[in-house]
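Taking it in order: structure first as structure tokens, then the write-up.
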Amino acid sequence: MKKALYLLLFASGAAAAGDDAVLKCRTLTDGAQRLACYDAMPLGAPAAAASGRSAEQNFGMTQAAREPEPDQIESNIVGDFDGWSANTRITLANGQVWRISDGSEAVLPRLHNPKVRITRGLLGGALYFKVDGQNSTARVRRVQ
């Protein structure tokens with residue numbers, strides 16, 4: 001029963017409620033009252049907002065529970081950029097760091113502060129990197 005209650009607590013989002021409310025509910029010995037207490041807790045801000053990060057800032061990060069992400073993000077690579085090879089790390093102007101994960105390579109004309117787009121694949125699992133105005137794409141994974 002206790003394990004099921006904890007699973008219910010995390011599934012309902014009540015974990016975002018304040019510590020005082022959780023401690024109050026823990027003191028109740030009757031199971032039905034205790035469950036009603038947890039159900040009555042006000043839900044806190046979504047995890048991303050509570051951490052001070054927007055959905056776009058969380059794009060591509062693996063997390064157990066998160067708010068919905070956009071289908072794509074756009075940013076720039078600061079400075080000159082002329083392509084990539086397998087495992088290349090790419091730092092965007094928004095602070096995100098991505099790594100080429102599919103072993104692809106691309107040689108591009110030297111570009112200064114190129115605009116890039118990272119989009120989610122059709123099934124939502126894969127993420128793809130594309131430099132604006134270029135035909136090459138690469139599968140990427142966010143590392144920071």
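Each label point was placed 7 Å from the Cα along the Cα-to-Cβ direction; for residue 139 and residue 82 their separation is 2.9 nm.
Could you work out the local net charge near residue 37, counting Lys and Arg as +1, Asp and Glu as -1, over the other residues with Cβ closer than 13 Å to its Cβ?
Working: positive: 24, 26, 34; negative: 20, 30, 39.
So the surrounding residues net to 0.
For residue 86, neighbours were defined as the other residues whose beta-carbon sits under 10 Å from its Cβ, and their charges (Lys and Arg +1, Asp and Glu -1) total -1.
What is the sum of charges around residue 110, taking Lys and Arg as +1, Asp and Glu as -1, for the other residues whose C-beta is under 14 Å from the C-beta of residue 110? Net charge in that neighbourhood comes out at -2. Here the peptides 113-125, 131-143 are ranked by packing, the mean other Cβ count within 10 Å, and the order with the highest first is 131-143, 113-125. In this simple spin-label model, placing a label point 7 Å from the Cα along the Cα-to-Cβ direction at both residue 72 and residue 33 gives a separation of 5.7 nm. Here the 3J(HN,Hα) profile of the range 85-97, calculated from phi with Karplus coefficients 6.51, -1.76 and 1.60 at θ = phi - 60°, is 9, 3, 6, 4, 9, 10, 9, 9, 4, 7, x, 6, 10 Hz, Gly and Pro shown as x.
The numbers here are math on the coordinates, done by the rules we state, and not lab data. Here the structure is a predicted model, which means the values were calculated and not measured. Methodologically, a virtual Cβ is constructed for each residue, glycine included, from the backbone with ideal geometry; neighbour enumeration extends over all protein chains shown.
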